Every structure is written in C-alpha cells, then in structure tokens.
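Worksheet: the structure to be examined is printed underneath.
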Amino acid sequence: MNQPLRVAIIGAGNIGSALMGGILKAGVTTPDCVFATVKSQEHADDLARNYDVHITAGGNLAAVQNADVVILAVKPSILPSVLEEVRWGLREDRILISVAAAFPLSEIEAQIGRRMPLFRAMPNIPVIVGEGATCIAYNDLVSDHQRAIVEAIFRAVGVVCFIDEDQMHAATALSGSGPAYIYMVIEALINGGLKMGLSHEVSTRLSEQTVLGAAKLVRETMLHPAILKDQVITPGGVTISAVHELERHGLRSMLISAIETATRHSRSLGEKLVDKLKQTNAR
C-alpha cells in the first residue's frame with residue numbers, strides 16, 4: 001500500500017491554509033502527513049483548532065525535511081530568506097512549489113543551489129472557497145507523475161491551467177488580479193440596484209447570484225459568452241438598451257486595457273525583483 005503524500009506548507013496564511021483545507025477535503029493526503037508553519041504561535045493555535053495537522057510557529061527547515069511536496073506560500077519579499085533556511089532540507093527527488101508572484105523558476109534554482117522539480121503557481125483568492133483559478137509553470141525536471149500530483153493539489157481548490165512560464169505575467173493580470181475587477185462589477189451592479197430603489201440586501205443577493213450564475217453557464221454549456229449574451233437580448237428590449245450603454249462607455253475596451261496594463265506592471269515588477277536579487281548576490 002502506498003504511503004500518503006507528505007506535504008509541507010511554509011506560510012499557512014490565506015492561500016496556504018486554503019490549500020491545506022482543500023487537499024485534506026479532497027483526500028490528496030491525510031492530516032497526519034501535513035506539516036504547516038506560520039509566523040506566530042497565536043496563528044498556529046487558531047489553525048490547530050480548525051485542522052488536525054502539524055502546525056508550528058517557525059521551524060520551516062524541520063517541516064520540509066521529510067516532506068514529499070514543499071509548498072512555499074510566502075510573499076516574494078521574504079522568499080529568498082525562506083529558501084536560504086529550507087534549502088538544506090530539500091532533495092532532488094522532492095517537489096518544490098512556489099506561489100510567490102513574479103519570482104521566476106531560475107531564481108529559485110539559484111537560491112537553493114541545486115536542480116530539482118520546481119513548480120511556480122499563481123492561485124487567486126477564490127481558492128479560499130474552493131473556486132480558485134490557478135496557473136502553473138514548471139521546469140524541465142518535472143515528471144508526468146509529479147505534474148499529476150501538483151495538479152491534484154490545486155484542483156482541490158478550483159481550476160488548474162498549465163502554461164509556459166513567460167505567460168505567468170498575463171495569467172497574473174487576468175486571474176490573479178481578476179477577482180478585484182469582478183468585485184468592482186458586483187459593487188457597481190449593487191449600486192445600480194440601490195439607485196433604482198432596491199434594498200441593499202436584495203440588490204446584493206441579485207448581483208452576486210447573477211455573476212455566479214452567468215459564469216457557471218459559460219463553464220457548463222461551453223458556449224462562447226457572445227452566444228449566451230445574444231440569448232438574453234431581444235429586439236428593442238431592455239437588455240439591448242443596457243448593452244448599448246455599456247458599449248458606448250467602452251466596458252470591454254477598459255477590461256482589455258486593464259489586463260494589458262497589469263501584465264506590463266507584473267513584468268516590470270519581476271524584472272526589478274531579479275535585478276535586486278542579482279545585486280544582493282553580487283555583494
């Protein structure tokens with residue numbers, strides 16, 4: 001009988017704890033095989049009340065030493081120091097996953113000083129409710145079996161897309177930042193309902209369910225959104241008058257431009273991060 005997957009989650013914050021809950025719920029591994037770390041004992045105690053796993057304040061190296069999969073769920077600014085701490089417990093036959101935005105695989109390899117199966121993942125915040133979107137890139141040492149393991153981990157909290165690493169900036173702009181755009185749309189719909197006399201409760205419920213239902217219909221029918229949009233429109237009806245107003249103000253152009261701008265900014269941040277690391281290592 002195969003042994004359960006041993007998973008270390010370094011930095012069990014919002015994303016890390018969501019992954020932890022997801023893989024346990026999906027049966028990817030068992031609670032006694034999950035080792036998580038956080039910054040404070042208070043946070044460790046809070047998580048321990050919700051998850052029956054090994055949780056410590058600090059102790060990153062100890063957490064990774066016997067893990068089959070190591071998930072680094074920390075911010076880019078502290079990833080170098082975390083890598084310096086845990087690299088002594090890494091081996092070439094283990095899987096290392098980073099969810100730190102803009103931190104390239106090549107720099108992770110440089111920081112740990114060895115080549116091993118590496119994944120770079122960009123999950124978005126809806127992983128907290130099991131409806132996330134995660135884009136994943138990986139290096140050339142990854143086997144099909146290891147890719148399947150990582151896919152199972154992130155499928156436990158939503159949808160997974162594998163992409164080339166040079167597409168990660170666009171993925172960050174689209175799905176990583178995307179929830180913020182949709183929250184603005186929901187907020188605007190709520191305000192529109194309020195302006196027209198609906199109560200805040202009714203306007204909120206209708207807005208959130210409309211966005212949820214529309215997205216689910218796209219997923220389940222696999223029809224292009226333009227086709228579904230046309231199914232709502234009737235000649236001379238209410239919907240076409242609203243669509244005309246949205247087109248007049250350039251809704252689609254604004255969203256496209258937002259993703260374009262965010263992609264450029266993500267790429268710029270990544271370049272600055274790499275330059276800073278090179279300057280630090282040169283000293």
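Just so it is clear, none of the values below were taken in a lab; they were calculated from the coordinates. Because the structure is a prediction, the values reported are computed rather than measured. Reconstructed Cβ throughout: ideal geometry from the backbone, glycine too, with neighbour counts over all protein chains shown.
Summary table below
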read-out: Set T261, T280, T234, T239: member being closer than 23 Å to G132 by Cα and either in contact with a Cys (Cβ under 7 Å, 6 or more places away or on another chain) or of a type in the set (S, T, N, Q) (or both); value: T261
read-out: Residue list for the range 34-52, restricted to those being surrounded by fewer than 21 Cβ atoms within 10 Å (Cβ to Cβ) and farther than 20 Å from G132 by Cβ; value: K39, S40, Q41, E42, H43, A44, D45, D46, A48, R49, D52
read-out: Strands (runs of 3 or more DSSP E) wholly inside the range 71-174 that include at least 2 residues being within 20 Å of the chain's Cα centre (by Cα) and not hydrophobic (A, V, I, L, M, F, W, C); value: 118-123, 132-138
read-out: Qualifying residue in the range 62-70 (condition: without any contact (Cβ under 8 Å) to a residue 12 or more places away in the chain, within 28 Å of A171 (Cα to Cα) and in a loop (DSSP other than H, G, I, E, B)); value: no
read-out: Lone qualifier among T239, T263, T280, T234 - being in a loop (DSSP other than H, G, I, E, B) and either in contact (Cβ under 8 Å) with a residue 60 or more places away in the chain or more than 24 Å from the chain's Cα centre (by Cα) (or both); value: T234
read-out: Which listed residue is touching a Ser or Thr at 6+ places or on another chain (Cβ under 9 Å), surrounded by fewer than 18 Cβ atoms within 10 Å (Cβ to Cβ) and not hydrophobic (A, V, I, L, M, F, W, C), from E187, E109, E151; value: E187
